[in-house]
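FYI, it's all coordinate maths here, none of it is from the lab. Since the structure is predicted, the reported quantities are computational estimates derived from the model, not experimental observations. We place every Cβ from the backbone using ideal geometry, glycine too, and count neighbours over all the protein chains shown.
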Amino acid sequence: MRASLLVGLFLCLFSCSSTPFQAEPPVARGPASATLPEDTLSIANALQPYVKKIRQPVFTYHYVTRELLDVPTTGPLDLTDSKLANHVQDWSSYFMDLSQPGGTGMIRGFYLATDPVVSRDFGKDHWLLYRVVLTAGLTYLDVKALESASEYIPQPIQDQLKAKGCQEQKWSYLIYKSFDPACRAIAIKTLRDLDVALIDYPWMSADFPPCTHRPSDAFILLRSDRLDSDASQIMYSEMSRDDLTIMKRQEVMERLFSEVKPNAAQSGSTSPETSPDKYRLWPDVDTKSVTDTDFVLYLRGHIYGCETTSLSN
């Protein structure tokens, strides 16, 4: 049963994902081939209705490999090491860096899933998991709602973009997918005009019965300086279990992996070669002590879209 629930979701991690959660670090930068345009107010005005505020805290999750941050692949870690402590700030600011070299897929930055399971593969074997709390009041650009209204940029704005050397026709490509220097310059300037801390875009999510039909939101962090000072916590495989609070967190998070059910709208094909245990964070942790009540309380407090979950659902 457990394997059958997991394999569809995890195969989709290989076939459905782009590379936003795992990309090269923001170190080697090419020369900026465009400057920020002066007038992007008409674009910002078109997007203004989709600037919103987070209404209640949202727990988000970001995986990165130890190799990518150049820290030891095994053993205890010093979480005050600048390579770890500055990761959120470095990568969130990198999204807005016009000198970021070109590529494919999505602009490199600090991408956040709304559960710790769906993006697990980006951590690979030597994983680090950043849990970042997005506090109420943070502003974000709701690209998900924008694309639901229309994925295409209105023609008058497309004409303005073309006049500035940008040929993109879709909002998602202009905002977070296009590596074209002219388009990147316009996107960066527009996001600065809007003064948002985050981008909300459609990606993947997992269901954890009794919490089902979760929204498929993910976030790109642009302004780490607007997070609370204690918003980010780092987890890794060898973290100390001396603290009972840490141990209980590990147990309940492991239950997420055992209970996960592919979202009905996102499940892919199944493969008998896919091993669910490969994706567990702490395979030796026993989840039997986690009661259904404890699990539901964790879903309500830590998994976006499960705030009203009850045992009767």
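Things to note:
- Extended-chain gain in nm, criterion 0.36 nm per residue less alpha-carbon gap, D230 and D284: 16.6 nm
- Here the label points at N86 and T212, each 7 Å from Cα along the C-beta direction, are separated by 4.8 nm in the simple model.
- Inter-centroid distance (Cα atoms) of segment 136-162 relative to segment 167-237, Å: 13 Å
- Between V133 and S258, the contour length at 0.36 nm per residue exceeds the Cα-Cα span by 42.6 nm.
- A straight chain from S99 to R300 at 0.36 nm per residue would run longer than the Cα-Cα distance by 68.3 nm.
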